[in-house]
Amino acid sequence: MAEAHQAVAFQFTVTPDGIDLQLSREVLKHIYLSGVTSWKKRAIRFKNGVLTGVYPASPSSWLIVVIAIMSTMYARIDPSMGMIDRIKTSLPVSEFMTVQTQTVLSAILFATGLWLSFIFLLRYILKALLSYHGWIFESHGKMSFSTKVWLSLVKLLSGRRPLLYSFQASLPHLPVPSIDDTINRYLESVRPLLDDEQYKQMEIVANDFKKDPAPKLQKHLKLKSWWATNYVSDWWEEYIYLRGRDPIMVNSNFYTMDLLYVIPTHRQASRAANIVHAMLQYRRKLERGELTPLRALGIVPMCSFQYERMFNTTRIPGIETDFVQHLKDRKHLVVYHRGRFFKVWLYYGGRHLWPSELELQFQRILDDKSEPQPGEIKLPSLTAGNRVPWARARLKYFNEGVNRASLEAIETAAFFMTLDDEAHGYDPENIRSLDLYAKSLLHGKCYDRWFDKSFTLIVYKNGKTGINTEHSWADSPIIGHMWEYVLATDCFHLGYTAEGHCKGDINKSLAPPTRLQWDIPKEIIEGSYMIAKGIADDVDFHDCLFNEFGKGLIKKCRTSPDAFIQLALQLAHYRDKGEFCLTYESSMTRMFREGRTETVRSCTCESTAFVKAMEDESTTQRLALFKKAADKHQNMYRLAMTGAGIDRHLFCLYIVSKVMGIDSPFLKQVLSEPWRLSTSQTPQQQLNLIDTQKFPKYVGAGGGFGPVADDGYGVSYIIVGENLITFHISSKFSSPETVAILSRLFLVTAASLTIVSRQRLRCELPHGLCILRGKAKTHHG
């Protein structure tokens, strides 16, 4: 639209009398307004940048310090101990710089230096305070006097109105654990998975590594931790995500669902318009740094680094490694519908398009009857296949002409959106509805999502929506933060008319969306599509709503809900497979600067003892074993959050060993162990924008991911409100270990949850309620 405006704003004709220049006042007005908006945005960013840069102080505090110093000088008191005079002597003397001016300027310079020193001191003190993590290990509901004092000091130094990035400079660096601690915790984690002979052999290998080359590797890793902001995150992004040459669809990308029970409107264009407008509002707050930083206990800040690349970001394929391209001020998005790509401008006259205007644009796309160009329908499948063929095709076929211009439009877009021609969502009458919904969000048809974009917004023809997210730039809580804001804004602030349309007037003078043009041979796409289709067809999904009880009852057990569910999953897996397996649970490390995740190894000696007790009807110590296992899990989760995990440390030691050319049998074995049960909890209500007590139907369904191991399960769960837990379980049809038992995994889990809860609450539940002993075994059939 901007190009069209520029084309008609200045028109000229050559006549015998000279050049006749014609100007469009309306278009010039829009160009002027766009310029004003741009400068206003820069001014706001500069202001917020200054506020963030001097936090926890404020610009007004500088004025206070200057006035205080000037006042002491007039009182003939020198608080600078002669420094003001030294500064004064170094200033040049001229007719424009009188002695009095020199004195004032010297005082201002000294006051500024004092003020900056005060800021650095406050930051250092705050960083030292935030390095204390004793509070997280205290029992729930109990707080020591020292922790109360600590919280008061953190609150005092945190300022009143922090912006999104205000705490970044005050966050501590992720510490490097000691070799002894990591090795000991590792050996403890694999003990329940090995027999005595295997464990003895592992001890020998681990102790050999501890002697050599571990100390040498550790020194280099500590050197990196002193130099880099975070000793893990850059290597994690590069080696775990960007250097992977396998398809990222299913294997890396993850999905997030819409509200579970509610569809605000069944009009596809209207829902898309409100969602996109809410995203633009969120992006404006994000770019200005005006979002409130997430804080544990409402006081302890979390790192906000991952938010930076949410919009205007694309993963660019390479032969050996990909890279993440992040841009600023992108003013368009690209929409995919029925095999065609459309470029939609998001601004008009220096402002965001209103929802009603976006609805008009999206409806124009839906009404467009034009046919796809040759090769256009399945073009996005290039991003779903192997990375090397996509990188080579990009270099060969997308380097010039219409292909280059169209690909650039996609890769520089704010984000990518698909107007899907299918209908999905939760249907109580169809037990497979959530499964199909999950598969559609995760991989779709393999050619209707652009898997390289930071995220793809999918809007179905019945108004349901969801997101597919590329994983390298951020983790699920980041996209979940944005999604919660968007859904709350869509439902409670923007709203719809009685007919389901967006509110507001329609501006029919908007230029229609522009079709992207392509000239692509079909044969370069078919290979990627067939690989992607094979992966998608192999993925089995089972999404389940467990509503027998939820967080409310679990908390009455005086147990962590996460530990409770993890133990139930261990029990469910054992009953299905008859054995234990290495289990991965994701934990965040965002209390440290640029922190991402750490692994909690949920299969422990304590959890296996509890599971075996549940299978032995003669055992009378189930409650004690349950409490011991839950406490152990909670402690491991806390260790992971505070930088004392196992796996990221070992991963970085392995990278150092490869760079130094050192072969380590221990590290090679550790890094090759398969995670046959990979789990993750989706955070709920990070912003608390939706009152689920008042609006119980407005709850999210969470999201999920594909299985990590070919013969394993991927399990994502979200604890929704007080009485609902949603599970997203994935596996592969091709594995004889998981095929045909996926749905039963949840049934056993549900039964296990019921048994554990009633076991734990037998003294608190109504009199006469029996303890179910072994009844979950009936769910095997």
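The values are calculated or read from the model by the stated rules, or taken from the named source; none is laboratory data. Because the structure is predicted, anything quoted here is derived from the model rather than measured. Cβ coordinates were reconstructed from backbone atoms using ideal geometry, including for glycine residues, and neighbour counts include every protein chain displayed. Heads up: the accessible areas ignore ligands, DNA and RNA and are worked out on the full protein's heavy atoms, side chains in. Shrake-Rupley method; radii C 1.70, N 1.55, O 1.52, S 1.80 Å.
Comparing Cα centroids, region 242-263 and region 608-637 end up 34 angstrom apart.
In this structure, the amide hydrogen of residue 447, modeled 1.01 Å from its nitrogen in the peptide plane, lies closer than 5 angstrom to no residue at least 5 positions away or on a different chain.
Given the chain, what percent of its DSSP beta bridges are antiparallel, to the nearest 5?
Values: 57 of 72 bridges.
Given both bridge residues lie in the chain, the antiparallel proportion sits at roughly 80 percent.
Centroid-to-centroid, using Cα positions, region 449-514 and region 581-595 are 29 Å apart. Across 364, 432, 315, the residue with the most accessible area heads the list, and the full order at a 1.4 Å probe is 432, 364, 315. Under 5 Å from the amide H of residue 713 lie the amide H atoms of 677, 678, each residue being 5 or more positions distant or on a separate chain, with H modelled from the backbone and absent for Pro and chain starts. Phi-derived couplings, Karplus 6.51 cos²θ - 1.76 cosθ + 1.60 at θ = phi - 60°, listed residue by residue for region 396-403: 8, 10, 10, 9, 7, x, 5, 4 Hz, with x used for Gly and Pro. Think of a 1.4 Å ball rolled over the protein heavy atoms: the chain then has 45 Å² of accessible area per residue.
Taking R0 as 56 Å, what's the FRET efficiency between residue 43 and residue 526 from their Cβ-Cβ distance, rounded to 0.05? Don't skip to the answer; put the middle values down first.
Numbers: r = 51 Å, r/R0 = 0.91.
It comes to 0.65.
Of all DSSP-defined beta bridges confined to region 379-511, some 60% are antiparallel rather than parallel.
When Rg/Rh (Cα atoms, Kirkwood Rh) is calculated for this entry, the matching label among (i) 1.04; (ii) 1.01; (iii) 1.22 is (ii). Working from label points 7 Å from Cα in the Cα-to-Cβ sense, the residue 216 to residue 673 distance is 2.5 nm.
For region 650-694 versus region 72-120, the spacing of their alpha-carbon centroids is 54 Å. Taking a spot 7 Å from the Cα of residue 124 along the direction of its beta carbon, which residues of region 54-80 have an amide N less than 18 Å from it? Those under the cut-off are 54-57. Assign one of three labels to region 139-179, namely rounded, prolate or oblate, based on the Cα gyration tensor with a ≥ b ≥ c the square roots of its eigenvalues; rounded applies when a/c is under 1.5, prolate when it is not and a/b is larger than b/c, and oblate otherwise. Note, shape of region 139-179 comes out oblate.
Roughly how many percent of the accessible protein surface of the chain is carbon and sulfur, given a 1.4 Å probe and a whole-percent answer?
Details: 19880 of 35030 Å².
Of all accessible area on the chain, carbon and sulfur atoms account for 57 percent.
In order along region 646-656, the Karplus-derived 3J(HN,Hα) couplings, from 6.51 cos²θ - 1.76 cosθ + 1.60 at θ = phi - 60°, round to 9, 6, 5, 5, 5, 4, 5, 4, 5, 4, 4 Hz, and Gly and Pro are given as x.
A simple count of charges around residue 148, restricted to other residues whose Cβ falls under 14 Å of its Cβ and scoring Lys, Arg +1 and Asp, Glu -1, yields +1.
When peptides 339-345, 217-223 are sorted by average Cβ neighbour count within 10 Å, with the highest value leading, the order is 339-345, 217-223. Under a 5 Å amide H cut-off, with hydrogens placed 1.01 Å from N, residue 453 pairs with 315 among residues at least 5 apart or on other chains. Each peptide in 374-382, 239-247 gets a packing score, the mean of other Cβ atoms within 10 Å over its residues, and the list from highest to lowest is 374-382, 239-247.
Look at the alpha carbon pairs under 8 Å that are at least 6 residues apart: their mean separation over the length of the chain gives a relative contact order of 16 percent.
Summing Lys and Arg as +1 and Asp and Glu as -1 over all other residues whose Cβ lies under 14 Å from the Cβ of residue 84 gives a net charge of +1. Note on residue 205 and residue 511: the model spin-label points, each 7 Å out from Cα along the C-beta direction, lie 6.3 nm apart. A simple rule links phi to the HN-Hα coupling: the Karplus curve 6.51 cos²θ - 1.76 cosθ + 1.60 with θ = phi - 60°, which for region 333-350 gives 10, 10, 10, 10, 8, 6, x, 10, 10, 10, 9, 10, 6, 9, 10, 8, x, x Hz, with x for Gly and Pro. The alpha-carbon of residue 224 sits under 19 angstrom from the alpha-carbons of these aspartates and glutamates, leaving out residues fewer than 8 places away in its chain: 234, 237, 238, 594, 598, 647.
Of all beta bridges DSSP finds with both residues in region 318-467, what is the antiparallel percent, to the nearest 5?
Among the beta bridges of region 318-467, antiparallel pairing accounts for roughly 60 percent.
Anything over 31 Å Cα to Cα? Flag those among 148/612; 555/732; 328/378; 453/668, in the order listed.
Values: 148/612 41 Å; 555/732 34 Å; 328/378 29 Å; 453/668 33 Å.
Those over the limit are 148/612; 555/732; 453/668.
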